[in-house]
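K.L.:
Dropping the structure in here first, questions after.
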Amino acid sequence: MILQRLFSFSSVLRSAVSIHLRRNIGLTAVAFNKTRELDPVQKLFVDKIREYNTKSQKLGGPVDAGAEYQKDLSEDIGKLNRLFGGGDMSKFPDFKFEEPKFEESSNNPEPVSDEEPTVWEIRSLHTASARADRLKTGDRAGGEDHNCK
């Protein structure tokens, strides 16, 4: 009995270990691939991005931006200042929300419904009143009740 449990436990343990090893081998293969050299096009692309980043940090702004770019930038910032009241346009605005003030009113103790009746409520009232009118007059041919015998 104990041997059977040990063997069944060992098979479960064996399968769990094999799954774990397969996953780790897959991850280490990906990690080793990352350390290999990139192909020439990828390497050139990454080098250009890094070069642009260092130039941008040295200049403190966009690289190779001429006078026209600076002029357009200052015009656009001026438009935004006129439209939205100035302030620092590079900073996220601060929002301030105040708590609403509620007042109790004792003038009208009964609640008044401001809701209008729905289309279905109006239709059901109209149908019921039309049916009542037909019953009073004895008209069986009108409306929805024309199949009645």
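K.L.:
In the set SER10, SER15, which member is at pLDDT 75 or above and farther than 30 Å from SER74 by Cβ? Talk me through it step by step, then tell me what you get.
P.N.:
On the way: SER10 fails: at pLDDT 75 or above.
None of the other options fit; the residue is SER15.
K.L.:
Please go through (1) at pLDDT 85 or above; (2) more than 36 Å from the chain's Cα centre (by Cα); (3) among the hydroxyl-bearing types (Ser, Thr, Tyr) for TYR69 and return the number of the only condition it doesn't satisfy.
P.N.:
Going through the list (1) at pLDDT 85 or above; (2) more than 36 Å from the chain's Cα centre (by Cα); (3) among the hydroxyl-bearing types (Ser, Thr, Tyr), TYR69 breaks only (2).
K.L.:
Taking the condition closer than 24 Å to PRO93 by Cα, surrounded by 11 or more Cβ atoms within 10 Å (Cβ to Cβ), without any contact (Cβ under 8 Å) to a residue 60 or more places away in the chain and of a type in the set (D, E, K, R), does ASP47 pass? First the steps, then the outcome.
P.N.:
On the way: closer than 24 Å to PRO93 by Cα: no; surrounded by 11 or more Cβ atoms within 10 Å (Cβ to Cβ): yes; without any contact (Cβ under 8 Å) to a residue 60 or more places away in the chain: yes; of a type in the set (D, E, K, R): yes.
Judged against the criteria, ASP47 is not a match.
K.L.:
Please enumerate the residues belonging to segment 62-77 that are surrounded by 11 or more Cβ atoms within 10 Å (Cβ to Cβ) and not charged (D, E, K, R).
P.N.:
Here is the first cut: in segment 62-77, the residues surrounded by 11 or more Cβ atoms within 10 Å (Cβ to Cβ) are 62-63, 65, 69-70, 72-73, 76-77.
Correct list: PRO62, VAL63, ALA65, TYR69, GLN70, LEU73, ILE77.
The values are calculated or read from the model by the stated rules, or taken from the named source; none is laboratory data. Fair warning: this is a prediction, and the values are worked out from it, not measured in the lab. When we count neighbours, we look across all protein chains shown, and the Cβ atoms used for this are built from the backbone with ideal geometry, even at glycine.
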